[in-house]
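Heads up, the thing below is written out as structure tokens.
The values are calculated or read from the model by the stated rules, or taken from the named source; none is laboratory data. Please read all numbers here as calculations on a predicted model, not as lab measurements. Methodologically, a virtual Cβ is constructed for each residue, glycine included, from the backbone with ideal geometry; neighbour enumeration extends over all protein chains shown.
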Amino acid sequence: FSPSQATPHLTINHDVASDLDSTNAFEGPEKLLEVWFAPSPTSLPPGARPSGLKVVPADTWKGMLDLVNCEVLSVLESDNVDAYLLSE
Amino acid sequence: SSMFVFPHKIILKTCGTTTLLLGLQRLLHIAAVDAGFPFHNAKSVTEIKAAATPYRFFYSRKNFLFPDKQRGPHRSWKQEVKFLDDIFEGGSAYMVGKMNGDHWYLYLTAPSFALTPPRTPDEEIPEVLTDVTRVTKIPAGTTTFVPSSSEDVNDETLEILMTDLDPENAKQFYLSHASAVASEKDAAPSQNDAATSDSDLGETVDVFSNGCESDLHDHAKAGSEAPTTTEGHALGTVVSENSGLSSIYPNSVYPDARIDAYMFSPCGFSANGVVPAPKRAKEGGENNGAATSSAAHYFTVHVTPEPNCSFASFETNVPGEPTGRSTSEIIEHVVNIFKPGRFSVTLFEGSGKGENALNHDENWASNRRKHLTRRIDPVRGYRRVERIVHEFDDYDLVFRFYERE
């Protein structure tokens, strides 16, 4: 099996993913926010790190997600976007 | 819930009674401190000094089923808007759809060029200008332009929010049903099933929290240690394939697309998909060309199957025609998976008007509206009961609401 270099790869957070219970979930509709810090990946403002937000480690996002009441189940990483699957 | 982190933007979509907006100030702080985006001392953030100033901001949601049970500022739209107004200057809040029915809320800010100004051309102008899509005249002596990027110009987001799911279709998002399907597959593996199992269930691994990360590339090379997955992820993959979600963007058309799916216990389902764009050569520019040049795309699915609050959402920014599947094909595919009693479609698309908006006449606007509404054809088996088009500064929004016939 030889995946393309462009194929995203997955990392699972077993500590969280193995023991979740959705019994008390009751509200379907989600809240969605989208924050843009530049018009495109190729026009980041002076001072921003070359990879912009993608330089931020997962552990740093974890602190923010604690405030939201979400935990990271897994991360699908690719060159241009990291996709975090979250609890709740 | 899901989060997508791009170099220049972040998307966070959270379910249930999460407190999404309570993470916003920390998010802005991280963007400033860790990613180096320009910041100011936000007047409403006393304990967090540095908060990045966003280029633009969107917040949206459908009306909640149980608003009184929400927490923080999420109990009402009014509280959410006040929360956001305290952070952003000049934000605009909208309610789209029937007040006494299913409606959709949106808060957004206009693009700000204060901290990410359009670049001033330099000696490379002739070459770059071939790629310019919008040119704005400003006082003699200088020319300001916004360089094209596929994401800036063609940015589009399609969201389908479905309620009152068909009970038979909703069953497949229960753990017990998914386990039964997985057992059947194990009992009678076909050649295709075996391939699926090897490539999709067995390739993912590893511990997130202790930093011992590796990936499928490592395992492919090592060819030894047996990879492991949690049951939620393994069953999520089964559900993703069995329900038809994984064929929305099939590997035959999108070879590098990948789905990360999770089946909750006793029910509920979430999935993220990443659809990488072909790599292009490094582009020049003020960021030393280090940022990757091609836009990547995503899609995400969340399902709450219980009959008293059944709901499913699908969101994507994978471009439609001419390079991909048409928007109406995607809508029909998704709706057939869940067969909802009611659903809304929102299509948010960059209009390309930019700073030249005032130069466009009514004909242009009319043609544009026709183009957008054509993208969402009638959906078989459903009656359209709402059709609304909003034109914002440089985005257009089409909202449609359907009920089962």
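A few notes on this one:
- Any chance B:ASN336 is over 25 Å from B:ARG384 (Cβ atoms) and either facing another protein chain (nearest Cβ under 8 Å) or outside any loop (DSSP other than H, G, I, E, B) (or both): no
- For region B:154-173, the criterion of being assigned to a loop (DSSP other than H, G, I, E, B), surrounded by fewer than 20 Cβ atoms within 10 Å (Cβ to Cβ) and at pLDDT 50 or above is met by at least one residue.
- Hey, B:THR17 crowded, with 18+ Cβ neighbours inside 10 Å, modelled with pLDDT under 90 and polar (S, T, N, Q) or not: no
- Residue in region B:228-238 that is in contact with a Gly (Cβ under 8 Å, 6 or more places away or on another chain) and at pLDDT below 95 present: yes
- Tally, over region B:74-106, of residues that are of a type outside the set (A, V, I, L, M, F, W, C) and within 10 Å of another protein chain (Cβ to nearest Cβ): 4
- Exactly one residue among A:GLY52, A:GLY47 is farther than 25 Å from B:HIS302 by Cα, small (Gly, Ala, Ser) and surrounded by 22 or more Cβ atoms within 10 Å (Cβ to Cβ), and that residue is A:GLY52.
- Scan of region B:312-329 for residues that are farther than 21 Å from B:PHE58 by Cβ and not small (Gly, Ala, Ser), ordered by number: B:GLU321, B:PRO322, B:THR323, B:ARG325, B:GLU329
- Boolean, B:GLY23 is modelled with pLDDT of 95 or more and of a type in the set (Gly, Ala, Ser): yes
- Enumerated strands (runs of 3 or more DSSP E) restricted to chain A, each holding at least 1 residues that are aromatic (Phe, Trp, Tyr) and within 7 Å of chain B (Cβ to nearest Cβ): A:31-36, A:82-86
- Pairs linking a residue in region B:384-400 that is more than 19 Å from B:TYR107 (Cβ to Cβ) and touching a residue at least 24 places away in the same chain (Cβ under 8 Å) to a residue that is surrounded by 16 or more Cβ atoms within 10 Å (Cβ to Cβ) and of a type in the set (Asp, Glu), with Cβ atoms under 7 Å and 6 or more positions apart or on different chains, are B:ARG400/B:GLU386.
- When residues of region B:22-35 are limited to those that are of a type outside the set (D, E, K, R) and closer than 13 Å to A:CYS70 by Cβ, the one surrounded by the fewest Cβ atoms within 10 Å (Cβ to Cβ): B:LEU22
- The listed residue being of a type in the set (D, E, K, R) and in contact (Cβ under 8 Å) with a residue 24 or more places away in the chain, out of A:ASP82, A:ASP21: A:ASP82
- Scanning region B:11-23 for residues that are facing chain A (nearest Cβ under 7 Å) and closer than 14 Å to B:PHE83 by Cβ yields B:THR19, B:LEU20, B:LEU22, B:GLY23.
- Of all residues in region B:2-18, those satisfying the criterion of being part of a loop (DSSP other than H, G, I, E, B) and at negative phi are B:PHE6, B:PRO7, B:HIS8, B:CYS15, B:THR17, B:THR18.
- Residues that are crowded, with 21+ Cβ neighbours inside 10 Å and either of a type outside the set (Ser, Thr, Tyr) or assigned to a loop (DSSP other than H, G, I, E, B) (or both), drawn from region B:320-329: none
- Looking only at residues in region B:74-94 that are touching a helix residue (DSSP H, G or I) at 6+ places or on another chain (Cβ under 7 Å) and at pLDDT below 95, the one that is farthest from B:THR19 (Cα to Cα) is B:GLY91.
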